[in-house]
Structure formats: C-alpha cells, structure tokens
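The block underneath contains the structure these notes are about, expressed in structure tokens.
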C-alpha cells in the first residue's frame with residue numbers, strides 16, 4: 001500500500017465572520033465547531049484518523065504559523081508557512097512534491113481547515129475508500145455533497161457515468177448558480193455540491209498540473225525534500241512569489257480527463273455565514289443562538305456573540321449581533337452571507 005499523507009489548508013481569511021474573524025485570527029481558528037472547538041482542531045481530529053501526525057501537514061500563511069502551531073498543540077502534526085498567498089493549486093502542488101520526496105509513490109488527501117463535519121467514522125471510511133481507488137488508478141478524486149437545498153453560494157459538480165456505489169466520473173464542474181438554476185439542479189438529482197475535499201497520488205496530481213498549467217508545475221517540480229521542513233520553507237520563499245495565484249479547480253480539475261467524484265456519506269457544511277453556523281448550534285426556547293458573553297431579551301431567532309465584551313440584543317427578530325475585539329456587527333440573518341462586504345469596507349479604511 002502507498003504511504004498516505006494529509007494536507008490541511010489553513011490559510012483563508014474567513015471574512016464572512018467579521019468582526020470575530022480578523023487577519024490574525026481567521027475563521028479556522030475560531031471556536032465554530034461543535035463544543036466550542038476551533039474548526040482547525042476539529043479538522044485535525046479527522047486528519048489523524050487518516051494518517052499518523054508526522055504525515056499530516058498544515059499549510060498556512062507565514063504570519064499565522066505561530067497561532068496555527070498553538071492550535072495544533074501537542075498533536076505532533078507539522079506546520080508550514082507560505083511566504084505569500086498563491087491560492088490552492090500552488091499549495092497543493094508544493095505538498096505533492098514534499099510528500100513524494102518523503103515517500104515515493106505516496107498519496108494524499110486535501111482537507112480545508114474550515115469545514116464542519118461531525119461524523120468522523122463515516123468521514124474516515126469515505127476517505128479510506130478514496131485512497132484505495134487513487135492508489136489503484138491514476139485518477140483525481142473529489143468529494144461531492146448531495147444538495148439539501150437550492151444553494152447559490154456553492155459550486156456544483158455534475159455527475160457523469162457511474163462506476164460504483166456513490167462513485168462516478170465527473171461530467172463537469174459548474175460555477176455558483178442563480179436561484180432558478182440551483183432549483184433545477186436540485187430537482188434533477190444529477191448534481192452535487194463541490195466540497196473541496198480531494199484524494200490523489202502525488203505523481204498523478206503533478207502530471208495533471210503539468211498538462212494544464214506547465215508554468216506552475218515547472219517551478220514547483222524543482223522543489224525538493226532535503227530532510228527538514230525548515231529547508232523546504234526556504235525553498236518556498238524562492239519559488240512562491242513568482243507563481244500564478246489560481247485555485248486547483250481552475251488550474252487542474254476543470255481540465256483533467258481523469259476526475260472522479262465520490263458522493264460523501266458524511267455530514268458537511270462549509271460554514272460560509274453566521275446563519276450557516278447558527279444552524280449547527282444549540283438554540284434557546286425562542287430559537288436564539290448565544291455564544292460567549294451574550295444575552296438576548298425578548299428576541300427570536302437571533303444570533304448574539306460576545307467575545308472580549310458583552311453583546312446584548314433586545315426586541316429583535318432574525319438578526320445577528322456580534323461584538324468582538326472592540327468592533328460590533330449588526331445585520332439581518334438573511335444578509336449574513338454578505339458580511340464580507342463589511343470586512344472589505346473596514347479594511348479599505350485602513351482598520352482590521
């Protein structure tokens with residue numbers, strides 16, 4: 001059996017959770033998982049089901065390595081810092097070279113650090129199956145989620161020819177649809193949400209990257225494992241600044257002919273908004289979600305969060321009230337997926 005590794009991508013900003021999420025404490029470090037754990041800690045628990053800690057690498061922004069390292073605690077996993085952000089294709093390509101250098105013929109899973117998944121047993125079984133397929137065949141495996149609603153905030157995958165139970169070829173990847181199209185896709189049963197979770201062999205991935213983005217694959221292929229993560233990071237400093245910034249979906253998956261999709265049997269949510277997070281939290285008798293130093297008086301179906309100060313709401317319906325680190329957000333729950341606009345506007349003013 002091929003040696004198995006896990007790459008955890010933990011470099012995102014998570015701006016939709018402003019003001020709780022900030023550049024120095026992005027979404028994956030917030031206590032958004034069950035039981036008040038961080039999303040990163042929850043992801044690492046799942047990663048360690050798949051591989052021993054020395055074969056789990058968390059890749060994050062260089063400025064976040066200390067914070068991410070603290071969150072990893074004594075788990076024994078490795079943390080690598082990217083000198084500049086270059087999206088997922090470059091990060092995954094660098095990891096492919098790293099893992100192949102450590103164990104020829106290796107395969108690896110790619111896990112975003114900011115997903116909510118509670119059924120660890122089903123997750124481990126599905127990922128194990130994907131490893132098995134990717135180690136037998138030169139294929140790229142992505143995970144799809146059966147849609148529960150006509151979501152317009154997710155990318156979708158159209159299933160092609162079935163190969164086995166829940167396993168199909170990919171007919172095509174699609175952009176985020178409008179409401180009408182999302183409803184059609186939900187009714188058709190042909191489409192899955194794109195979870196952004198992948199499994200493949202290192203050599204298979206690099207061959208696909210070379211075929212579709214040779215200008216990206218070339219510099220990454222010149223990286224080498226010299227026996228230390230610190231040495232590998234120094235190589236990243238030389239290579240990353242000149243690389244194209246592009247997602248793995250655009251760079252590889254939309255072009256490769258050997259992409260398969262496995263419909264997940266586990267629960268999944270990307271927690272892309274305050275309303276999405278609230279769906280998975282305990283509610284009081286009036287449907288409110290309270291977290292931290294927070295209380296709600298005569299409120300219904302509200303989200304109230306206080307971190308570093310008290311957040312109080314009174315007489316509100318279907319609202320979000322968040323106070324964190326000296327900043328306050330108030331908006332309708334129905335608009336919570338637009339909070340990134342606030343974060344961008346605040347940042348444009350020169351404040352975090």
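The values are calculated or read from the model by the stated rules, or taken from the named source; none is laboratory data. Nothing here was measured: the structure is a model prediction, and the numbers come from that model. Heads up, the Cβs are rebuilt from the backbone with ideal geometry, glycines too, and the neighbour counts pull from every protein chain shown.
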Which residues, counting only those in region 1-23, are more than 14 Å from the chain's Cα centre (by Cα), part of a loop (DSSP other than H, G, I, E, B) and closer than 23 Å to residue 321 by Cβ?
18, 19, 20, 21, 23
Taking the conditions exactly as written (assigned to a strand (DSSP E or B) and closer than 23 Å to residue 112 by Cβ), does residue 305 satisfy them or not?
yes
Just checking, does region 164-173 include any residue being in the same structural domain as residue 81 (by TED's automatic domain parsing) and over 30 Å from residue 2 (Cα atoms)?
no
Residue ID - farthest from the chain's Cα centre (by Cα), chosen from residues in region 277-296 that are part of a helix (DSSP H, G or I) and touching a residue at least 12 places away in the same chain (Cβ under 8 Å)
278
Going by the structure shown, is residue 320 buried (at least 21 other Cβ atoms within 10 Å of the Cβ), closer than 30 Å to residue 194 by Cβ and in the same structural domain as residue 132 (by TED's automatic domain parsing)?
no
If residue 97 satisfies all but one of (1) at pLDDT 95 or above; (2) touching a strand residue (DSSP E or B) at 6+ places or on another chain (Cβ under 9 Å), what's the number of the condition it fails?
(2)
Residue selected from region 246-276 under the condition part of a helix (DSSP H, G or I) and either in contact with a strand residue (DSSP E or B) (Cβ under 8 Å, 6 or more places away or on another chain) or outside the structural domain of residue 131 (by TED's automatic domain parsing) (or both), by the criterion surrounded by the most Cβ atoms within 10 Å (Cβ to Cβ):
252
Give the residue that is modelled with the lowest pLDDT, with candidates limited to residues of region 1-12 that are within 20 Å of residue 195 (Cα to Cα) and buried (at least 19 other Cβ atoms within 10 Å of the Cβ).
11
